[in-house]
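For reference, the structure discussed in these notes is given below.
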Amino acid sequence: MTEADERILADFDRKLPRGLARAISRAESGAGAELMHAVFGRTGRAMTVGLTGPPGVGKSTLCSELVGVARRDGKTVGVISVDPSSPFSHGAILGDRIRLTEHFTDPDVFIRSMASRGHLGGLAGATGDAVAFMDAFGMDVVIVETVGVGQSEIEIAELADTTLVALQPGSGDSVQLLKAGILEVADIFVVNKADHPMALQLQREIHSMMEMLDFSGWVPELVATRARDGIGIDELWAAIGRHAEYLRVSGELEAKRKTAFAHRVRALVIGDLERRVDARIADRIGRTNGSAEDPYGAAREILADVETALPESQTRPATRRTTRASVKGL
Ligand SMILES: Nc1nc2c(ncn2[C@@H]2O[C@H](COP(=O)(O)OP(=O)(O)OP(=O)(O)O)[C@@H](O)[C@H]2O)c(=O)[nH]1
Ligand SMILES: [Mg+2]
């Protein structure tokens, strides 16, 4: 461990927020491995909540309100705002910062914006590290806000114990749900902006969509909120509590965390391999100008070179996504 890392660790151990902030920065730039090794044993205590949904649905407002109820319950809270589109962690997230300002002076709330930058495991990897550092630091609740409903958000949702999918009335969101595979990851649907005239319609659509499905285990709950006015937040917090309790009692929490762990390891390994393979390809094309050889031959040699050519029978995926919902009658 470098001297700089030792100083960060000392601050971290003394529960100084700058220790946590610097540990996350190290992870963000791809240099957090030693620190993670030092503190990973302290993780596993925090309740983690993922909050995803389209731009402007009210995620940051919901987040700020949830921080409020969690604090009222005496919990310490970490918030991670993820912007998958931005390579920088400041700027685009200004709106979030404004909405979370009321918690800035609270020493038991730690707020952090993130981008992927140099992390081997990409954005999900950097976020996973941030969650783990906050957990190890002693935060009781860690909330991750991610914009959109694409693949990176689904990956990030896989890190969280409980995933909230926020939807906006009058935007055609529900039609997009099945397509985006979001039903698979939603533990709780939040229809925010319940003051909107189309809010009931959206709730009905979600209900009828769920009626077409058979769920194994947890059946997603639906909560209507008006985050801007602080309405429905207690109900949402209670639903999060019910889901956490379900995970604990059913034993799914353990299974879920194992899968999340496997996911993170996989992302790191694949990220590392990708870099090495890319470097070799670039090197090869530089030497041969890509002319005198066929792609299969080149691939075979590169594979042999990085020693990843496992026999076919061993190339079984380590983790399989469990199907939580299936269409009735199929
Ligand atoms: N009418 C109405 N507006 C709301 C409600 N909740 C939040 N808003 C407004 O919606 C806008 C967007 O809220 P944000 O919390 O920034 O939404 P977001 O999902 O975090 O946005 P991005 O991070 O940019 O994706 C703000 O102007 C909020 O004041 C609500 O319940 N009703
Ligand atoms: Mg936001």
Please indicate, with yes or no, whether at least one residue in segment 39-46 is touching a helix residue (DSSP H, G or I) at 6+ places or on another chain (Cβ under 6 Å), more than 16 Å from ligand 2 (Cβ to nearest atom) and in a helix (DSSP H, G or I). yes
When segment 1-11 is examined, which residues are found to be more than 17 Å from Met139 (Cα to Cα) and crowded, with 16+ Cβ neighbours inside 10 Å? Asp5, Ile8
Go through segment 58-70 and report how many residues are touching a Gly at 6+ places or on another chain (Cβ under 8 Å) and either within 19 Å of Asp129 (Cβ to Cβ) or buried (at least 24 other Cβ atoms within 10 Å of the Cβ) (or both). 2
Taking the stated definitions as given, is Glu293 more than 27 Å from Phe189 (Cβ to Cβ) and either of a type in the set (A, V, I, L, M) or in a loop (DSSP other than H, G, I, E, B) (or both)? yes
Going by what's in this entry, would Glu145 be described as within 15 Å of ligand 2 (Cβ to nearest atom), at pLDDT below 75, within 22 Å of Leu222 (Cβ to Cβ) and outside any loop (DSSP other than H, G, I, E, B)? no
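Residues checked against (1) surrounded by 13 or more Cβ atoms within 10 Å (Cβ to Cβ); (2) farther than 16 Å from Asp195 by Cβ; (3) aliphatic (A, V, I, L, M); (4) modelled with pLDDT of 95 or more:
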site: Leu213; (1), (2), (3), (4): yes, yes, yes, no
site: Leu222; (1), (2), (3), (4): yes, yes, yes, yes
site: Arg226; (1), (2), (3), (4): yes, no, no, yes
site: Gly232; (1), (2), (3), (4): yes, no, no, yes
site: Ala239; (1), (2), (3), (4): yes, yes, yes, yes
site: Gly251; (1), (2), (3), (4): no, yes, no, yes
site: Ala255; (1), (2), (3), (4): no, yes, yes, no
The condition of being more than 16 Å from ligand 1 (Cβ to nearest atom), assigned to a loop (DSSP other than H, G, I, E, B) and modelled with pLDDT under 90 holds, among Leu177, Leu159, only for Leu159
Across segment 183-204, what is the number of residues that are in a helix (DSSP H, G or I) and not acidic (Asp, Glu)? 8
Residues in segment 188-195: is at least one at pLDDT 95 or above, within 22 Å of Ser60 (Cα to Cα) and surrounded by fewer than 19 Cβ atoms within 10 Å (Cβ to Cβ)? yes
Residues of segment 71-98 being surrounded by fewer than 22 Cβ atoms within 10 Å (Cβ to Cβ) and either modelled with pLDDT of 95 or more or at positive phi (or both), which ones? Arg71, Arg72, Asp73, Gly74, Lys75, Thr76, Gly91
Of the residues in segment 12-24, how many are in a helix (DSSP H, G or I) and either of a type in the set (A, V, I, L, M) or surrounded by fewer than 17 Cβ atoms within 10 Å (Cβ to Cβ) (or both)? 7
Could you please find all residues in segment 25-57 being buried (at least 23 other Cβ atoms within 10 Å of the Cβ) and within 16 Å of ligand 1 (Cβ to nearest atom)? Val49, Gly50, Leu51, Thr52, Gly53, Val57
What pairs come up if the first residue lies in segment 41-69 and is at positive phi, the second is basic (Lys, Arg), and their beta carbons are under 8 Å apart, counting only those six or more places apart or on different chains? Gly44/Arg257; Gly53/Lys59; Gly58/Lys193; Gly58/Arg228
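The values are calculated or read from the model by the stated rules, or taken from the named source; none is laboratory data. Since the structure is predicted, the reported quantities are computational estimates derived from the model, not experimental observations. Virtual Cβ from ideal backbone geometry, glycine too; neighbours counted across all protein chains shown.
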